[in-house]
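Every number in this text was worked out from the coordinates using simple rules, so none of it is lab data. Note that this is a predicted model, so its numbers are computed, not measured. We place every Cβ from the backbone using ideal geometry, glycine too, and count neighbours over all the protein chains shown.
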Amino acid sequence: MKKFETFSGVAVPMAGHNIDTDRIIPARFLKTIKRTGLGVNLFNDVRYNEDGSEKEDFILNHPQYRNSEILVAGDNFGCGSSREHAPWAITDFGIKCVISTSFADIFFNNSFKNGLLLIKVTPEQRDALLEDASHGENARIGIDLENQKILRPDGGEIAFDVDPFRKHCLLEGLDDIGITLQSDDKITSFEEKQKQSMPWMQGARV
Amino acid sequence: MAEPRTLFDKIWESHLVEEKDDGTCILYIDRQIIHEITSAQAFDGLRENNRPVRVPEAHLLVADHNVPTAGRADGIANEESRIQIELLEKNAKEFGLPFIDFLDVRQGIVHVIGPEQGFTQPGLTLVCGDSHTATHGALGALAFGIGTSEVEHVLATQTLLQKPSKNMRITINGELREGVTAKDIILAIIGEIGTAGGTGSVIEYAGSVIEDMSVEGRMTVCNMSIEAGARAGLVAPDQKVFDYLVGRPMAPKGAAWEQAVEYWKTLKSDNGAAYDIEVEFDAADIEPHVSWGTSPEMVGPIGGVVPNPTDINDEAKRQTVQGALEYMNIQPGMKLTDIHIDKVFIGSCTNSRIEDLRAAARVARGRKVAAGVYAMVVPGSGLIKEQAEAEGLDVIFTEAGFDWREPGCSMCLGMNGDMLEPGERSASTSNRNFQGRQGPGGRTHLVSPAMAAAAAVTGHLADVRGLSSAE
Ligand code: SF4
């Protein structure tokens, strides 16, 4: 995974609540067997007409938002299915950070595992950032994970919380599996104990 | 005396491998079910890093999301689908993992076949790369959906990095009204607490209504916990669950069975255990429900009308409802029973088990699918299909004009070619009514199996209770 570095970029505002994973990436694009290449289908059904041409009124089709790197969204972003294709599509498009008041649990986990930073803010802060984002290129927003700050175009700062473990993994570009395998002996001793106390748990396996 | 603990606390603690200083835990995962859509990239990850599968027998692989539901013996026409399904088998062989072929009679939707095979058991931790893994909580397993990176993590380490969830309890007591099913109960719950009402929580369902409910009905309730935003749903295992499991192919046998049941009997929340959130419902207040909008919280009793956005004070919420009504092409104040439908889908991991098919067949018997409506029944597994056929349900359905199909996820997510055309409207027993869920531009109304059959024979959303007199 790439290390997460401080950046500033265009933020795209999407004020609607409950933007679900079917909206982010419709099911028929899940036939892929790769992690990459889903960016063109991000928000596919609201982004393109049936003939494949772009819908003019969809915000990511506006020239100033085509290179957005931040998404500011309504409540409960990413609800719905467990498809990791949602963060894959978002990051493949070039977005590195999503800001909202709340996120669905599985989407939250999936995002961090793919280097996508999710920031929770208060409704007032979100509304202010939506306003900033509405100015497109003229109001770039900065994201400083190291110091846990959102840098607003007017020079203001919004501090945010982030789980220390997730922050560490993102900043260092670390892979969870490698970290867990450092506890291999503990996992093995758990398995041995379980075999003694609850043998059917193993016995039941096919 | 030890602190009273909830059922969730007990299962969690019995699977804790390590707790780090910042509260992150390594949680042992006993079982994983793997399907074709969310696993290819996980196996690639193992190969790239040269990692073996830690406990091969702890996994069960089956294709369901993308399989054709008709004529499958002739092979899979869609090339991408075929590649994905063949890859699942190839990965199973390469890593030596238990695998059910898509032509096998045991094939079916992951959340249907787990319990059916006895792979799902009380007290264990079970995951699957699919959010509706919550279903398995009906048997008292701690079961939740995960993403592909986590599928890989479980394959490699048999654990997950987790933080404990909040404890939430939903209690439903009282007398259920006629015609009200498990599906109506969970739709009413989501309508009340909202799609984020359970965020960060594991919901334990309790009360006399849950105790009296069949294991299948509990699966329907737990299944949609995710639509309430929860990580998982749970019901304390009881004699009904033990009776359900006994003799299933992967359930414990002989002395191991006795030992397991002894343990399973301890799996309930202690008196006085603390919950972060408690919600209570009176069963008598719950009517048969349908959804009218594009989020599972946009539901109402079938006797009601489409809400008026101008009655909503919160600006963002009003816009969301306004947008939903436009997408659904329905008007405020319209009677829900005046909404006409084009297609009916009876299936999905929410409602495709034998008692769901029986409930739908009771309504379909001797009636005809309304003119201009296409209705399909997709059993949850090959074994359910067999049983339904042994009971003659397929004949009831086909005589009424329903299409009787082969098992899979089908029109629940519109991936395998079973889908809504743009602008088409369905009454569906599945769990999600998101925009485009059943096909781009498609409009979905969530209902119970009996209400789906009622919609099929009337051509509009209908109250199953008024059917015999009115039609
Ligand atoms: S039936 Fe629908 S909800 Fe259930 S596993 Fe399949 S796609 Fe997911």
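Helix-only estimate, please: 222 nm mean residue ellipticity of chain B, summing -39500 (n - 2.57) across DSSP H runs of length 4 or more and dividing by its residues, to the nearest 500.
My calculation for chain B gives -9000 deg cm²/dmol from helical runs alone.
I'd like the distance between the alpha-carbon centres of region A:50-95 and region A:120-188, rounded to an integer number of Å.
18
Net charge near B:Ile33: determine it from the other residues with C-beta under 11 Å of the C-beta of B:Ile33, scoring Lys and Arg +1 and Asp and Glu -1.
-1
Determine, for each peptide in B:31-40, A:179-188, B:10-19, the mean count of other beta carbons within 10 angstrom over its residues, then list the peptides with the highest first.
For the peptides B:31-40, A:179-188, B:10-19, the packing ranking is B:31-40, B:10-19, A:179-188.
Distance from the Cα centre of region B:94-122 to that of region B:341-408, in angstrom?
22
Any lysines with Cα under 17 Å of the A:Lys31 Cα? List them, leaving off those in the same chain fewer than 8 positions away.
Partners found: B:Lys90.
What lysines does B:Lys240 reach when the alpha-carbon gap must be under 28 Å and sequence neighbours fewer than 8 apart in one chain are set aside?
Cross-link targets: A:Lys195, B:Lys10, B:Lys166, B:Lys183, B:Lys253, B:Lys265, B:Lys268, B:Lys385.
Taking K and R as +1 and D and E as -1, what net charge do the other residues with C-beta under 12 Å from the C-beta of B:Ile11 add up to?
Neighbourhood net charge equals -1.
In whole angstrom, how far apart do the alpha carbon centroids of region B:249-300 and region B:441-459 sit?
Answer, in whole Å: 26.
What's the average, rounded to a whole number, of partner chain beta-carbon atoms within 10 Å of each residue's beta-carbon in A:174-185? Working shown, then result.
Details: counts 0, 5, 8, 14, 4, 6, 10, 6, 0, 6, 2, 0.
Shielding by partners across A:174-185 averages 5.
Along the principal axes of its C-alpha atoms, what lengths does region B:313-471 span, in descending order and rounded to whole Å?
Largest to smallest, the principal-axis extents are 54, 37, 25 Å.
Taking a cut-off of 13 Å between Cα atoms, list the aspartates and glutamates near B:Lys343, but don't count ones fewer than 8 places away on the same chain.
Result set, ordered by chain and number: B:Asp403, B:Asp418, B:Glu421, B:Glu424.
What would the Debye equation give as log₁₀ I(q)/I(0) for chain B at q = 0.12 Å⁻¹, counting only Cα atoms as equal point scatterers?
Evaluating at q = 0.12 Å⁻¹ gives log10 I(q)/I(0) of -1.05.
Quick one: net charge of B:Cys409's neighbours, Cβ under 11 Å, K/R +1, D/E -1?
Numbers: positive: none; negative: B:Glu36, B:Asp64, B:Asp130, B:Asp418.
Around B:Cys409, the surrounding residues sum to -4.
Take peptide B:430-439, look around each residue's Cβ out to 10 angstrom, count Cβ atoms belonging to other protein chains, and average those counts. The partial results should precede the final answer.
Working: counts 0, 1, 6, 1, 11, 6, 9, 7, 2, 4.
Across B:430-439, the average partner-chain Cβ count within 10 Å equals 5.
Mind checking A:186-197 for the average number of partner chain beta-carbons within 10 Å of each residue's beta-carbon?
3
Given +1 on the Cβ of Lys and Arg, -1 on the Cβ of Asp and Glu, and no further charges, what dipole in debye does the protein assembly as shown carry about its Cα centre, rounded to the nearest 20?
880
Could you calculate the FRET efficiency of B:Glu278 with B:Gln322 from 1/(1 + (r/R0)^6), where r is the beta carbon distance between them and R0 is 41 Å, rounded to 0.05?
0.80
Farthest toward the dipole's positive end in region A:48-206, which of A:Ile187, A:Ala128, A:Pro63, given Cβ charges of +1 (Lys, Arg) and -1 (Asp, Glu) about the Cα centre?
So the residue we want is A:Ile187.
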